[in-house]
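To start, the structure itself, in structure tokens.
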Amino acid sequence: MTAAPRRDAWEKVTGRARYAVDAVLPNMAHAAVVRSERAHAYLTAIDRAEAEAAPGVITVVTAEDLGDLGRRFGHIVPDHAILAVDKVRYYGEPVAVVVAETPHQAADAAEMVWVDYDDLPALTDAATALASDVLIHEQSYLEPGQKFLDVAPTASTDNVAHRNELAWGDAEAALAAAATVVETTTTFPLVYGYAMETYNALADWQPGSLHVVSTAQHPLMVRRELARMFSLPLAAVRVEVPYIGGGYGSKSYTKLEPLAAAASWAAGRPVKVTTDVEAAMYTTRADGALVTVRTGFDADARICARDIDIRFDTGAYADNSPLVLTKSINRSFGPYRIPNLRVRGVAAYTNTSPASSYRGFGAPQAALAGELNMDMAADRLGIDPVEVRRRNLLAPGDTIIDGKRPLDADLVADLDAIVSALDQHAADRDAAVQASGDQHAAVDSGTLRGRAVALTASDAGASPISTAQVRMHADGSVTLLVSSTEMGQGSRTALAQIAARELCVPIEAVAVGQSDTRFTPFEWTTGASRTTTVVGLAVQAACADLWDNLRAKAADSAGVTIDDVVVHGGRLHFTADVSNTVSGSGAGGDGVGEHGTGLGAGAADALGAGERGTGAADAAPVVTDSGSGLTPAEVIRQWFGADAGEVVGVGVVRRDGATAVLPPFWEIGAVGVEVSVDEATGEVTVEHLVTVGDVGHAVNPDLVKGQDLGAATQGLGIALWEEMVYDGEQLTNPNLVEYRVPRLRDTPRRITSVLAERGDGAGPYGAKGAGEGALNPVPAAVAAAVGRAVGVWPTELPLTPPRVWSLLQQAQQ
Amino acid sequence: MTGSQAPTSTVVRCRINGRDVEMLVPVRLTVAELLRDRLGLTGTKVSCEMQVCGVCTVLVDGNPVSSCATLACDLDGTEVLTVEGLARGRNLHPVQEAFMAANALQCGFCTPGFIMMAVALLDARPDADQAEVREWMDGNLCRCTGYAPIETAVTVAASRMNDSSLEDDQ
């Protein structure tokens with residue numbers, strides 16, 4: 001659409017932006033969490049006398065103090081205790097919470113809580129847990145038939161948090177008949193999202209109400225769980241989410257909020273709970289995965305079957321992992337024509353930090369094996385890895401999964417864009433070598449090079465349930481209320497752009513409030529790259545509703561019927577005034593849609609070539625014109641009879657219209673990388689990164705490119721550096737010194753960011769989501785590129801220098 | 001050890017963003033805690049608490065310092081600059097302007113630390129080249145942007161500050 005500066009930039013460069021960690025309430029107390037020093041043990045005694053007597057301590061809370069409160073949470077499997085009940089299941093699990101006047105006093109007293117354990121065998125990896133008779137959860141917490149979305153959790157106690165599968169055709173028979181079968185097994189590490197603002201929550205329980213300020217990505221999901229746990233009506237629970245210091249999925253669903261709320265309930269004071277990086281790593285990580293892919297090809301290198309096994313290490317509690325596993329299954333086989341498929345997935349409970357959502361949501365784990373397998377297949381088949389993909393890619397409109405939305409992207413065109421950028425880089429390098437006249441530079445001695453492409457398609461957008469409210473004031477300016485949380489993606493900017501366009505006002509005339517469940521309307525989640533698409537549609541619908549309400553007010557003031565008022569050029573006209581410019585006049589009960597059609601030609605001019613509206617967008621009064629008619633401000637002031645009042649529009653998205661078929665869109669990941677490998681050290685340098693943002697329409701191109709580079713960089717982190725390492729019961733690297741994330745000097749030497757805008761999405765103006773896509777294929781692309789450089793295919797990430805060095809040794813054998 | 005009563009609080013006198021501050025602070029209080037919890041200057045953030053992320057960077061007598069790992073009592077007699085003290089009234093510092101113009105922020109949590117480190121760099125090395133920018137900024141982490149826009153912002157700010165200092169000379 002247009003470049004628009006971020007709405008939050010001034011606040012953020014001046015230090016004025018308010019985050020949850022900055023929040024204070026009158027008479028606030030501070031909590032420190034006593035965490036388990038065992039991975040798996042029965043709690044035999046908790047001695048808190050010394051802590052309770054320590055200076056400044058208000059109370060020390062354990063599970064037994066929680067009375068009638070719902071002690072467990074978990075939106076899919078309610079297996080997660082606020083404070084450990086009877087036993088602990090991972091090192092770092094909250095056992096008690098100390099509430100004191102100051103953070104220092106709370107931290108000091110937490111050291112004085114003495115916990116006795118009766119040790120159980122610690123099952124710290126998925127293979128061990130699945131093979132063991134020792135149960136991490138000795139009971140099922142599910143009511144019969146209980147499910148979340150289409151995920152019906154496994155009500156078993158065999159260390160399985162979830163099991164699922166997807167199949168069509170006869171994969172086994174097709175593999176047996178295939179000309180070539182290629183098998184790939186990869187290990188995806190345990191990774192930590194590291195949002196720089198670590199989890200925190202401030203809670204104020206009062207009789208009949210609960211107010212929480214937290215880092216929650218999904219405030220309405222948190223509200224639902226808190227209401228259940230505290231036996232309160234939804235309306236009595238207020239979850240306020242200011243700016244979030246990074247989310248990336250890691251702040252999805254409920255984290256510290258129940259702990260803060262229980263502490264406030266116990267102490268009778270507002271209580272703040274924060275985490276350091278170590279505690280944050282104990283709070284949530286991403287699912288580790290062992291994935292095996294077997295692909296059968298016919299003599300023409302066309303896929304005849306894929307058989308895939310996914311095993312997640314889900315940690316001590318299910319959190320969102322059952323849904324992540326289900327998505328991982330859907331995202332594991334790639335956007336290819338696959339006549340026979342079988343994917344089986346299991347998420348294992350282990351005695352490690354609980355896993356949950358992280359950017360990509362199961363796609364990076366599965367694509368590592370799936371896309372590396374395509375490269376290995378190309379090698380075996382003796383054809384180019386780009387060509388093997390080209391031969392098998394689905395076309396726009398093809399079915400990926402029966403019953404779901406057909407593919408809404410042109411992947412061959414995306415692939416061409418990647419290859420062209422990679423080729424350009426190679427040509428530029430050759431030209432530079434020629435120009436320098438240095439013949440030796442052509443062969444960097446001691447350096448190996450490799451390049452690779454990778455593609456993914458994710459069923460994204462989550463549930464299309466969204467509500468937006470636009471309040472137009474007496475001067476025609478607008479307050480937009482949505483519950484989407486702003487965690488850096490720029491949703492307040494993009495949604496303001498959509499509202500400004502729909503209402504024909506400058507973006508400066510649109511204010512966007514922060515999410516606060518007391519004031520902002522219902523939103524399913526802020527995740528799955530959904531906001532611009534799904535919430536954007538809700539904003540468009542709210543603006544259409546606002547125009548209808550303005551038409552009604554204008555008609556009422558003039559003593560005519562609503563059918564006599566049309567919207568044209570951002571103004572309201574009585575049909576007689578515009579009959580010479582608007583054929584058909586768009587009158588009728590659903591007249592907005594009709595006049596949208598009536599003004600089609602003009603609208604297309606105003607929008608510019610190649611842009612179109614879909615669904616509610618057709619209702620948008622987008623023609624720019626001036627002169628006759630009334631401005632919305634004039635209509636409002638006339639109707640209220642004063643320079644006062646406001647008119648409100650509400651827009652709702654549900655599983656209907658543009659979002660009737662799920663997913664709301666397929667989020668495409670399309671990347672290429674060129675790497676160099678230092679033969680002496682095994683160090684990998686990313687020479688060139690190419691991302692194609694296949695977003696249908698970029699409402700704000702700078703924001704989309706920002707999402708793509710940020711997501712791809714997190715993918716590089718997983719590919720090259722990031723890994724939580726367990727040694728026995730304990731995480732050995734719970735800090736940012738030993739858990740290494742990408743730094744500035746790790747950035748690729750060249751970055752090409754392409755936006756593919758083909759208007760093929762269901763969102764506003766043909767938009768589709770961005771945010772996860774550019775991460776999903778990156779670990780696979782890097783693994784394949786390093787494999788090509790070294791001559792041995794990697795099986796495990798991250799590709800640290802020691803790992804690559806041992807690949808180099810294998811290559812020489 | 002209860003017998004030996006070392007002082008648990010001490011008076012610190014310093015100047016923070018041009019404002020004279022005199023406070024009795026616990027000796028264990030960090031600069032970040034003083035700024036955020038006692039003075040309401042919440043622009044300075046804390047993340048890794050191990051001096052690797054740079055989020056908490058402030059300038060003490062012009063030098064970049066990790067405020068999460070520096071004791072408030074050590075500020076006695078110093079001059080402290082935080083992100084809140086950079087702008088002149090409504091006029092932003094060129095580094096702040098450059099971060100806005102280059103889209104060099106997303107969630108914004110790391111932004112104050114990056115900006116303070118960039119200010120320190122450009123004060124110390126007004127002619128900093130790209131290698132120096134990358135070296136100085138390598139001590140700050142960002143999880144959102146992928147760094148390229150931040151590098152651009154600092155480079156642009158450097159050239160703009162050099163241009164305006166040329167104008168001042170004329």
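Read the figures in this text as sums done on the coordinates, not as results from a lab. Remember, predicted model here, so these are calculated numbers, not experimental data. Note that we place each Cβ from the backbone using ideal geometry, even for glycine, and neighbour counts take in every protein chain shown.
Averaged across the residues of B:32-45, what count of C-beta atoms belonging to other chains lies within 10 Å of each residue's C-beta? Walk me through the intermediate numbers first.
Working: counts 0, 3, 0, 0, 2, 4, 0, 0, 2, 1, 9, 8, 1, 8.
If you average over the peptide's residues, the count of other-chain Cβ atoms is 3.
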Zone of B:Asp61's modelled label, taken as backbone nitrogen in region B:72-94 under 18 Å from a point 7 Å along Cα→Cβ: B:72-82
List the DSSP H helices in chain A whose Cα atoms stretch 30 Å or more along the helix axis and whose mean Kyte-Doolittle hydropathy is at least -1.0. A:411-436, A:536-558
Go ahead and estimate [θ] at 222 nm for the protein assembly as shown from helices alone: -39,500 (n - 2.57) per DSSP H run with n ≥ 4, summed, over the residue count, rounded to 500. -9000 deg cm²/dmol
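Sort A:Ser209, A:Ser483 so the one with the fewest other Cβ atoms within 10 Å of its own Cβ comes first.
Numbers: A:Ser209 15, A:Ser483 28.
The fewest-first ordering by Cβ neighbours comes to A:Ser209, A:Ser483.
Could you sort the peptides B:132-145, A:285-298, A:124-137 by per-residue average Cβ neighbour count (10 Å cutoff), highest mean leading? Walk me through the numbers before you get to the answer.
Values: B:132-145: 21.9, A:285-298: 24.6, A:124-137: 17.0.
Order by mean packing, descending: A:285-298, B:132-145, A:124-137.
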Counting other beta carbons within 10 Å of each Cβ, put B:Ser159, A:Ser214 in order, fewest first. B:Ser159, A:Ser214
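Let's see if you can work this out: charge +1 on each Lys and Arg Cβ, -1 on each Asp and Glu Cβ, no other charges. What is the dipole magnitude of region B:94-169 about its Cα centre, in debye to the nearest 20? Spell out each step's value before the answer.
Details: 4 positive and 12 negative charges, 101 e Å.
It works out to roughly 480 debye.
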R0 = 22 Å: FRET efficiency of A:Arg228 with A:Arg655, Cβ-based, nearest 0.05? 0.35
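Let me confirm one metric for peptide A:668-674, namely the mean number of other chain beta-carbon atoms within 10 Å of its residues' beta-carbons. Each step should come with its number before you reach the end.
Details: counts 0, 0, 0, 0, 0, 0, 0.
Across A:668-674, the average partner-chain Cβ count within 10 Å equals 0.
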Connecting C-alpha atoms closer than 10 Å in a GNM of chain B, tell me which of B:Ala87, B:Ala157, B:Ala131 has the biggest fluctuation. B:Ala131
If you take every DSSP beta bridge whose two residues both sit in region B:9-82, what share of them, in percent to the nearest 5, is antiparallel? 90 percent
In order over region B:135-142: 3J(HN,Hα) from phi, Karplus 6.51/-1.76/1.60, θ = phi - 60°, whole Hz, x for each Gly or Pro, gives 5, 5, 7, 5, x, 10, 9, 9
Karplus-derived 3J(HN,Hα) from phi for region A:52-67 (6.51 cos²θ - 1.76 cosθ + 1.60, θ = phi - 60°), whole Hz, x at Gly and Pro, runs 5, 8, 6, x, x, 6, 8, 6, 10, 10, 10, 4, 5, 8, 7, x
Using DSSP, restrict attention to beta bridges with both residues in chain A and report what percent are antiparallel, rounded to the nearest 5. 75 percent
Apply 1/(1 + (r/R0)^6) to the Cβ-Cβ distance of A:Ser420 and A:Ala131, taking R0 = 60 Å, and write down the FRET efficiency to the nearest 0.05. 0.75
Given the alpha-carbon gyration tensor of region B:9-82, what are the semi-axes of its equivalent ellipsoid in whole angstrom, ordered largest first, with each equal to the square root of 5 times an eigenvalue? 18, 13, 11
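Sorted by average packing, counted as other Cβ atoms within 10 angstrom per residue and highest first, what order do A:190-199, B:88-97 take? It would help to have the intermediate numbers written out before the result.
Numbers: A:190-199: 25.6, B:88-97: 16.0.
Ranked from most to least packed, the peptides come out as A:190-199, B:88-97.
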Cα-Cα separations in the protein assembly as shown greater than 59 Å, expressed as whole percent: 9 percent
At a Förster radius of 22 Å, what calculated FRET efficiency corresponds to the Cβ-Cβ distance of A:Ala107 and A:Ala45, to the nearest 0.05? 0.50
Here is the link list: A:Lys12/A:Lys272; A:Lys87/A:Lys251; A:Lys12/A:Lys327; A:Lys12/A:Lys553; A:Lys272/A:Lys705; A:Lys255/A:Lys404. Which ones come out longer than 29 Å on Cα distance? A:Lys12/A:Lys327; A:Lys12/A:Lys553; A:Lys272/A:Lys705; A:Lys255/A:Lys404
Between region A:227-272 and region A:502-519, what is the C-alpha centre distance in whole Å? 25 Å
Average projection area in nm² (convex hull over Cα atoms of region B:94-169, one quarter of hull surface): 4.5 nm²
Which order results if A:Leu66, A:Leu149 are arranged by neighbouring Cβ count within 10 Å, fewest first? A:Leu149, A:Leu66
Peptide A:15-21 - average C-beta neighbours from other chains (10 Å radius): 6
Between A:Arg285 and residues 5 or more places away or on another chain, the pairs with built amide H atoms under 5 Å apart involve A:Ala355, A:Ser356
Take the alpha-carbon centre of region A:709-762, take the same for region A:365-438, and report the distance between them in whole Å. 21 Å
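Charges at C-beta only: +1 for Lys and Arg, -1 for Asp and Glu. How large is the resulting dipole of region B:9-82 about its Cα centre, in Debye rounded to 20? Please list the in-between numbers first.
Details: 7 positive and 9 negative charges, 35 e Å.
Taking the Cα centre of region B:9-82 as origin, the dipole is about 180 debye.
Would you mind putting A:301-310, A:797-806 in packing order, based on average other-beta-carbon counts within 10 Å, highest first?
Values: A:301-310: 22.1, A:797-806: 19.0.
Output ranking for A:301-310, A:797-806: A:301-310, A:797-806.
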